[in-house]
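Q: The structure is given below, and queries will be raised subsequently.
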């Protein structure tokens with residue numbers, strides 16, 4: 001199913017869900033929750049944050065494994081800075097949320113995520129890992145700050161009797177954002193790869209007829225792989241590989257730009273969130 005079909009089906013199901021919830025006596029998700037601006041905006045920003053983060057990290061692992069040639073274990077080790085910063089950043093985010101309310105850590109977190117994604121557009125086929133890990137640190141800050149502070153924005157501003165439902169809403173927004181981000185940004189990457197693969201392969205030195213055959217392997221190139229059905233060997237095969245990786249990087253850059261722009265818009269919207277006035281509430285752990 002293409003992305004437009006997926007989004008159309010998801011939207012139709014969402015509308016149907018809302019209509020049912022408005023009619024039943026005991027709704028699973030009371031629509032009255034969304035009368036509070038901070039609950040609504042907090043949910044949207046959580047979705048946006050994980051849209052950008054998951055949509056990019058999925059393809060970043062392909063970049064490390066299939067373009068740089070790292071094993072799955074080596075790739076996981078190189079993503080550890082993100083996890084480490086999340087562990088350290090979560091208590092810092094809780095402290096900031098208690099002191100300033102959710103708007104400051106959410107705004108800072110989404111801005112850090114946006115900055116990291118913009119910086120990652122400078123990555124190339126042969127870029128050293130030393131250029132990548134600072135972005136992973138910033139993404140870790142973004143995850144920690146938004147995940148923790150969004151609990152205050154969503155759960156803290158919900159009526160006490162609906163706190164459990166609001167917590168479920170936060171977790172759902174995380175999961176939904178990740179699923180939509182992977183689908184949408186994946187389609188953005190694929191569309192870009194399809195549009196530039198032939199030219200990139202020719203510019204890398206492959207004959208047009210070989211480049212045309214390589215262009216039929218878009219599905220492989222979207223994963224950072226090299227088309228295997230071109231029948232090329234030697235220098236021509238190297239040119240096909242260079243063109244395929246260049247096309248993948250071009251698609252990755254466009255996906256990064258989309259994710260960074262979405263995260264930046266979220267950062268600008270963060271000041272609209274208000275504090276609940278219940279600073280003593282516990283902040284749930286990251287559940288995505």
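The values are calculated or read from the model by the stated rules, or taken from the named source; none is laboratory data. Keep in mind that this is a model prediction, so the values were computed, not measured. Every residue, glycine as well, gets a Cβ built from its backbone with ideal geometry; the counts of neighbours run over all protein chains shown.
Q: Can you tell me which residue within the stretch 90-129, out of those that are touching a residue at least 12 places away in the same chain (Cβ under 8 Å) and outside any helix (DSSP H, G or I), is nearest to the chain's Cα centre (by Cα)?
A: Filtering the stretch 90-129 for residues that are touching a residue at least 12 places away in the same chain (Cβ under 8 Å) and outside any helix (DSSP H, G or I), the one nearest to the chain's Cα centre (by Cα) comes out as 121.
Q: Another question, then. Quick one: count up the residues across the stretch 149-165 that are outside any helix (DSSP H, G or I) and under 15 Å from residue 30 (Cβ atoms).
A: The number of residues fulfilling the criteria is 4.
Q: Go over the candidates 263, 269 one by one and state the one that is under 23 Å from the mean Cα position of the chain (by Cα), crowded, with 24+ Cβ neighbours inside 10 Å, within 30 Å of residue 148 (Cα to Cα) and touching a residue at least 12 places away in the same chain (Cβ under 8 Å).
A: 263
Q: Return the residues of the stretch 220-237 that are farther than 17 Å from residue 254 by Cα, surrounded by fewer than 20 Cβ atoms within 10 Å (Cβ to Cβ) and either modelled with pLDDT of 90 or more or under 31 Å from the mean Cα position of the chain (by Cα) (or both); say none if nothing qualifies.
A: Selection gives 220, 225, 228.
Q: Follow-up. So which pairs qualify, if the first residue must be in the stretch 217-232 and under 18 Å from residue 65 (Cα atoms), the second must be part of a helix (DSSP H, G or I) and at pLDDT below 90, the Cβ gap must be under 6 Å, and the two must be at least 6 apart or on different chains?
A: Cβ pairs passing all conditions: 227/214; 227/217.
Q: Any idea which residue in the stretch 3-33 is farthest from the chain's Cα centre (by Cα), counting only those that are buried (at least 16 other Cβ atoms within 10 Å of the Cβ) and in a helix (DSSP H, G or I)?
A: Residue satisfying both the conditions and the ranking: 33.
Q: Please give the number of the condition residue 115 fails out of (1) surrounded by fewer than 16 Cβ atoms within 10 Å (Cβ to Cβ); (2) under 19 Å from residue 254 (Cα atoms).
A: Failed condition: (1).
Q: Right, something else. So, residue 168, is that one outside any helix (DSSP H, G or I), under 30 Å from residue 108 (Cα atoms) and out of contact with any helix residue (DSSP H, G or I) (no Cβ under 7 Å at 6 or more places or on another chain) or not?
A: No; evaluated as a whole, the condition is false for this residue.
Q: Return yes when residue 251 is in a loop (DSSP other than H, G, I, E, B) and either out of contact with any helix residue (DSSP H, G or I) (no Cβ under 9 Å at 6 or more places or on another chain) or crowded, with 20+ Cβ neighbours inside 10 Å (or both) and no when it is not.
A: No.
Q: A follow-up question, please. Filter the stretch 51-78 down to the residues that are farther than 25 Å from residue 242 by Cα and touching a helix residue (DSSP H, G or I) at 6+ places or on another chain (Cβ under 8 Å) and list them by number.
A: Hits for the stretch 51-78 are 51, 52, 53, 54.
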